[in-house]
Amino acid sequence: MSGSSASSLSSVSGLVSVPAQGRRVSGADGGCPGRPHVTELRLSAFAGHRRVVLPLGAFTLLAGPSGCGKTTALRAYEALARLGAGAEVGEVFPDPAACVPERARPDAQRRRGFRIGCTADGPEGPVRLDVAVQAEPELRIVGERLSAGGVVLLETALRDPSRRCVQAAWHTAGQSPVTRAPLPDDRLGTTLLPLRVAGRTEGQRRVLAAAEQMVVALRSVFACDPRPDRMRAPVPVGSGRLLGGCDNLAEVLWRTRAECTRRHARLVGAVRAGCAGAVADVVAEVLEDGTVRGVLDRGDGVRTELGRLGDGELRYLALSLVLLTGPGVLEVDPVGEVPAAMQTLSVVVDGFDRGLDPVQRGELVGLAARMCERGHIRVVGAVSEVGAVSDVAGVVEGAGPVGAAAALGSAGVGGVTVVHLEP
């Protein structure tokens, strides 16, 4: 792929160029300025989305009918998070052709691709990241742009398709305005900057600070979709960190009950409000074979195994546990060099209201809103209808057109930012 670095982000067939100041729909953010956090997700050309900008508040719900692209949007967010954690592009996109817009046509070299991006706010102010990925004929990152305050801090472009690297240029503001060097095309260049930038000039330090803010915001993402069918059976004792499917829920209950009595008491209160029958405690029992099973203590000598609970009860219990714990319990990879007080856990939940009855739904939305108000946790979830939050947060109104195939609206209600998507 030839041409200037600036054109590389839109030169893959099927990618759509977005102006530097793209359309934003503001929502209630509620983020702590000292903690890097993602405030905007851009789906310039990704699967069924084109020119879509999603505002992300402290607690954001994507609402819309089946087929509107809620799961796709969350998948793009998770992909950016994994790239920000240093994962290779092949690990992040095992089926890259599915991410290419359906009607995107290949160019003369049979190339097609997609483009996603985000904005992370924090001590350095808003920092933008845009990534262009070539899906065919070879999977590779062909363009990347990191910018802040109208200044492009890092830009990469594919110069020679025969080489597995891109040409990178980053801001220096010294004797030479930029520094150029090749970077691999299978990883996000932003994550590699600390290894390449010396930090001698003010410009270099600005590049490093912006890159760190973006990486910190992306790495502390926990993608969660509880699977009740995997939560019923006893599990072996392992790391004690909750998996994304909550398969090892019983093991984590065994750990959290012993480590934090205050949070466990809050979990019991949440379970008592959302599960049928009396609930005196939520405990884990170690069986003779060394495995652990979770049970609800009914307070009258009866203990109900989690395997007997309905799917909705199990999803409600698992999501409540996620909201009440933190990075030390969840299977996330926070930045070890940055103090925990300067990081924000971002929980991404597909099917936030799936299988829940109105009481469970209301309790869970209320719990999420209360936890997000503290500033150390953010939640992005997908719901099938606005009614999933109306009981708690009031009626949500408004939707406006974005692009040719989607409609987007946003309203901050009761601490919840609701983003409407339409097919």
Selection from segment 189-217 of residues open to solvent by less than 60 Å² (accessible area, probe 1.4 Å), in contact with a strand residue (DSSP E or B) (Cβ under 7 Å, 6 or more places away or on another chain) and not in a loop (DSSP other than H, G, I, E, B) yields Gly189, Thr190, Leu192, Leu193, Gly203, Val207, Ala210, Ala211, Gln213, Met214, Ala217
For segment 174-188 the number of residues that are open to solvent by 50 Å² or more (accessible area, probe 1.4 Å) and small (Gly, Ala, Ser) is 1
Within segment 116-130, residues crowded, with 22+ Cβ neighbours inside 10 Å and either touching a Phe, Trp or Tyr at 6+ places or on another chain (Cβ under 7 Å) or at pLDDT below 95 (or both) come out as Ile116, Gly122
The condition of being open to solvent by 50 Å² or more (accessible area, probe 1.4 Å) and either modelled with pLDDT of 90 or more or in contact with a helix residue (DSSP H, G or I) (Cβ under 9 Å, 6 or more places away or on another chain) (or both) holds, among Gly355, Gly336, Gly326, only for Gly355
Reported set for segment 231-246 where residues are open to solvent by 60 Å² or more (accessible area, probe 1.4 Å) and modelled with pLDDT under 85 is Ser239, Arg241
Of (1) within 22 Å of the chain's Cα centre (by Cα); (2) assigned to a helix (DSSP H, G or I), Phe222 satisfies every one except (2)
Counting only residues that are buried (at least 24 other Cβ atoms within 10 Å of the Cβ) and touching a Lys or Arg at 6+ places or on another chain (Cβ under 7 Å), segment 30-45 contains a total of 3
Taking Asp300, is it outside any helix (DSSP H, G or I), open to solvent by 30 Å² or more (accessible area, probe 1.4 Å), at pLDDT 90 or above and over 27 Å from Leu74 (Cα atoms)? yes
Those residues of segment 247-273 which are part of a helix (DSSP H, G or I), crowded, with 18+ Cβ neighbours inside 10 Å and at pLDDT 85 or above amount to Leu249, Ala250, Glu251, Val252, Leu253, Trp254, His264, Leu267, Val268, Ala270, Val271
Matching residues in segment 276-296 (crowded, with 17+ Cβ neighbours inside 10 Å and farther than 18 Å from Arg227 by Cβ) number 7
Counting only residues in segment 75-99 that are under 14 Å from Leu139 (Cβ atoms) and outside any helix (DSSP H, G or I), the one most open to solvent (accessible area, probe 1.4 Å) is identified as Pro94
Expected single match for over 27 Å from Leu139 (Cα atoms), in contact with a helix residue (DSSP H, G or I) (Cβ under 7 Å, 6 or more places away or on another chain) and in contact (Cβ under 8 Å) with a residue 24 or more places away in the chain among Ala198, Ala270, Ala223, Ala211 is Ala270
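The values are calculated or read from the model by the stated rules, or taken from the named source; none is laboratory data. As the structure is a prediction and not an experimental result, all values here were calculated from the model. Here the Cβ is made from the backbone with ideal geometry for all residues, glycine too, and neighbour counts use every protein chain on show. Ligands, DNA and RNA are stripped out before the accessible areas are found, and what is left, the full protein with its side chains, is counted by its heavy atoms. Shrake-Rupley method; radii C 1.70, N 1.55, O 1.52, S 1.80 Å.
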